[in-house]
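Here the structure comes first, spelled out in structure tokens, and everything after it is commentary.
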Amino acid sequence: MRSWTLLLIAGFLETAWAIGLKYTHGFTRPLASILTGLAIVGSMVLLGLAARDLPIGTAYAVWVGIGAFGAAVLGMLLFREPATPARLCFLALLLIGVIGLKVTTRT
């Protein structure tokens, strides 16, 4: 269970740095750039730790899935990106895929 917890946190950090990129304005804002860099490093380190016990294909897919889902949802909430029915449907499918990988993977 520890590996899944680390992977979940890594996915949240993946979302954080993806959104953080928007706030760096091309890495011209120092604080946002530093925080985004720290989130990238933290996300990678936690992914690496989780991959010690989890299959790398599963760990990577879940990590990317959490990051993509989170970035898309926060993009809609923070940056007024479109929230069309089709987009929401595909985000739901992405979430189902991440959950499916969790429940079908043995550690």
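The values are calculated or read from the model by the stated rules, or taken from the named source; none is laboratory data. What you are looking at is a predicted structure, and each value in this text was computed from that prediction instead of being measured. All Cβ positions, even for glycine, are placed from backbone atoms using ideal geometry, and neighbour counts span all protein chains on display.
List pairs: first in the stretch 54-69 and under 17 Å from LEU13 (Cβ atoms), second among the hydroxyl-bearing types (Ser, Thr, Tyr) and in a helix (DSSP H, G or I), Cβ under 9 Å, 6+ apart or cross-chain?
Listed pairs, sorted by first residue: LEU54/SER3; ALA59/SER3; TRP63/SER43; ILE66/THR15; GLY67/THR15; GLY67/SER43; ALA68/THR15; PHE69/THR15.
Select, from GLY67, GLY11, GLY26, GLY57, the only residue that is within 20 Å of VAL98 (Cα to Cα), loosely packed, with under 13 Cβ neighbours inside 10 Å, at pLDDT 95 or above and of a type outside the set (Val, Ile, Thr).
None of the others qualify; the one that does is GLY57.
Across the stretch 1-43, what is the total count of residues that are over 28 Å from LEU54 (Cα atoms), assigned to a helix (DSSP H, G or I) and among the small types (Gly, Ala, Ser)?
The number of residues fulfilling the criteria is 2.
Looking at this structure, is ALA18 of a type outside the set (Asp, Glu), more than 18 Å from ARG2 (Cβ to Cβ) and surrounded by fewer than 19 Cβ atoms within 10 Å (Cβ to Cβ)? Outline the logic, then answer.
On the way: of a type outside the set (Asp, Glu): yes; more than 18 Å from ARG2 (Cβ to Cβ): yes; surrounded by fewer than 19 Cβ atoms within 10 Å (Cβ to Cβ): no.
Here the answer is no, as ALA18 does not meet what is asked.
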